[in-house]
Amino acid sequence: METRIQYPHNLQYQEVYISDMVLLKNIFLQKQNSKIVNESFGLPFLVAKKTNAIIAFACLVVNSFGKPDFIIHKVGDLNKEEKRAFEFFVEDYFKRNPSENYKNPQQLKSTINSIVNWINV
């Protein structure tokens, strides 16, 4: 199911698809100056686009308290208002999602490990 929501400044938010993973991997590797993806990549679940270019993406991670949480990777030009709007949208989406990856840290760790192993092949 595709979710595209328009927000101010011509931003579009949408769920991450498997076809997005290679691009998100490459963005992450460039930002981290690395050759392989690690657990800090997390599980991408939402992207913010401006004029069809990804400017940020959100990933599920297990935080330092052992709880499911999210991080946002900023990619392109994102002003403070756009950043706040995306953060609000991501937080709301995170709180409402019933999937086990959003609630169960063991499930999320397992999913992240699977993604990391798959994407590094």
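A few notes on this one:
- Segment ASP77-ASN38, extension gain: residue separation times 0.36 nm, minus the distance between their alpha carbons: 11.5 nm
- Simple label model, 7 Å out from Cα along Cβ direction - PHE65 to ASN10, nm: 4.0
- Apolar share of the accessible surface for the chain: 52 percent from carbon plus sulfur atoms, 1.4 Å probe.
- Summary value for the chain: 23 percent relative contact order, contacts being C-alpha pairs under 8 angstrom separated by 6+ residues.
- Restriction of the trypsin sites (Lys or Arg not before Pro) in segment 20-119 to DSSP coil positions whose beta-carbon has at most 11 other beta-carbons within 10 angstrom yields LYS35.
- Among (1) 27, 19, 12; (2) 22, 18, 13; (3) 27, 16, 11, the entry derived from the coordinates for semi-axes √(5λ) of the Cα gyration tensor in Å: (2)
- Looking at the chain, the accessible area is 60 square angstrom per residue; that uses a 1.4 Å probe and ignores ligands, DNA and RNA.
- Straight Cα distances below 20 angstrom link LYS74 to the aspartates and glutamates GLU15, ASP20, GLU39, GLU82, GLU87, GLU91, ASP92, with same-chain residues fewer than 8 positions distant left out.
- Hits among lysines - C-alpha to C-alpha of LYS103 under 23 Å, sequence gap 8 or more where chains match: LYS67, LYS95
- Theoretical gain in end-to-end length, LYS31 to TYR17 [0.36 nm per residue, Cα-Cα removed]: 3.0 nm
The values are calculated or read from the model by the stated rules, or taken from the named source; none is laboratory data. Owing to the predicted nature of the structure, the values given are computational and were not obtained by experimental measurement. Glycine also receives a Cβ, built like all others from the backbone with ideal geometry; neighbour counts cover every protein chain displayed. When the accessible area is computed, the model is the full protein with side chains, heavy atoms only, and any ligands, DNA or RNA have been set aside. Shrake-Rupley method; radii C 1.70, N 1.55, O 1.52, S 1.80 Å.
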